[in-house]
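Heads up, the thing below is written out as structure tokens.
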Amino acid sequence: MAIMVRDRRLQPVVPDDAAARATRRRALVAVPLIAVLWGLNWPAVRTVLGEVAPWTLRTMGMGLGASLLIAIAIARGQTLAVRRDHWPRLIVAGLLSVAGFNLLVAFAQLAGSTSRAAIVTYTMPVWAVLLARMVLGERLDGRRVAALLLGVIGLGVLAWPILHAGGVTSGVLLSLAAGFTWAAGTVFTKRFPIDAPPMPSTAWQLLAGAVAAGIGMLVFEGVPVPKPLGAAATLALVFHVVLATALAYFLWFEVVARLPAGVAAMGTLMVPVVGVTGAMLLLGERPGAADLGGFALIFAAAAIALRPPRSA
């Protein structure tokens with residue numbers, strides 16, 4: 001009886017560059033999902049802040065999100081170990097991208113409208129592109145410049161009515177600081193990558209943020225007293241912890257690892273569109289002609305930034 005032996009040489013071999021392009025496409029697909037999760041997180045956080053103090057909320061959100069990712073990593077048999085010399089990188093990244101951003105955003109929302117905070121915070125891509133050019137040497141090609149200009153104009157259209165009405169308030173300044181802090185953390189992570197699997201790395205950064213927020217909670221708010229939350233706040237808190245913190249940050253650090261910092265940042269231009277829309281639907285804020293025009297410009301900017309190169 002003849003034995004048929006399959007010639008392994010006839011099996012298709014996926015080139016490394018093809019695998020890299022496939023990985024990049026998956027990262028590009030993840031960006032719109034992150035935009036939806038983080039966009040809806042704006043009205044969710046504003047809802048919870050009506051019943052939970054800001055330092056306490058951020059401690060809970062980041063701490064529970066980290067715990068969830070650690071539990072998933074253990075269940076999947078992933079190591080939680082991080083190279084000893086990379087712990088400083090992990091802590092700095094967690095303090096910038098997670099703790100600093102989340103805390104500044106919470107206080108910005110308390111100081112002004114959710115729509116205003118969402119719009120001004122997402123000047124982040126501007127800072128990220130500039131920092132990536134200076135620190136990482138990322139090239140500003142024509143497509144990226146066009147996306148950046150469209151995004152800036154769109155944000156300006158969205159921001160002008162509320163800035164004209166309220167001026168440069170403390171909420172606006174806090175939102176600007178939040179955007180810059182997040183951009184700095186993104187560029188820092190690209191400049192000093194962390195040698196650890198994505199899920200444990202994300203979990204430890206969230207935990208670093210939770211520790212920082214917990215210290216602030218004890219100093220400024222004291223030990224929280226447990227109390228039942230309303231149905232809306234409870235649902236918003238679950239969304240904030242599970243989807244907008246644990247899942248979205250996991251996806252974000254994956255995207256940052258696989259895309260140029262400027263491209264990843266400009267993909268987040270869609271977040272304020274989702275955030276403002278969510279605030280309109282859930283918090284009663286209503287759009288105007290400027291809002292719709294700004295949305296269109298920002299969507300165009302994100303589409304240009306995330307369009308795969310022709311060679312892909």
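Observations on the structure shown:
- Residue in the stretch 134-144 that is within 22 Å of MET270 (Cα to Cα) and not charged (D, E, K, R) present: yes
- Test: residue in the stretch 70-90 that is within 16 Å of the chain's Cα centre (by Cα) and under 19 Å from ALA203 (Cβ atoms): no
- Single residue of ALA20, ALA2, ALA35 found to be assigned to a helix (DSSP H, G or I), at pLDDT below 90, over 23 Å from ALA184 (Cβ atoms) and small (Gly, Ala, Ser): ALA20
- Criterion (surrounded by 16 or more Cβ atoms within 10 Å (Cβ to Cβ), modelled with pLDDT of 80 or more, β-branched (Val, Ile, Thr) and part of a helix (DSSP H, G or I)) met by exactly one of VAL135, VAL120, VAL187, VAL172: VAL187
- Scanning the stretch 209-227 for residues that are within 20 Å of SER97 (Cβ to Cβ) and surrounded by fewer than 23 Cβ atoms within 10 Å (Cβ to Cβ) yields VAL211, ALA212, GLY214, ILE215, GLY216, MET217.
- Beta carbons closer than 7 Å, at least 6 apart along the sequence or on distinct chains, pair a first residue in the stretch 218-242 that is in contact (Cβ under 8 Å) with a residue 24 or more places away in the chain and closer than 15 Å to ARG58 by Cα with a second that is of a type in the set (Phe, Trp, Tyr) and surrounded by 14 or more Cβ atoms within 10 Å (Cβ to Cβ) for PHE220/TRP55; GLU221/TRP55.
- Filtered residues of the stretch 277-294 (kept if crowded, with 20+ Cβ neighbours inside 10 Å, at pLDDT 70 or above and either over 25 Å from ALA146 (Cα atoms) or out of contact with any Leu (no Cβ under 7 Å at 6 or more places or on another chain) (or both)): THR277, GLY278
The values are calculated or read from the model by the stated rules, or taken from the named source; none is laboratory data. Since this is a predicted model, take the numbers as computed values, not measurements. Every residue, glycine as well, gets a Cβ built from its backbone with ideal geometry; the counts of neighbours run over all protein chains shown.
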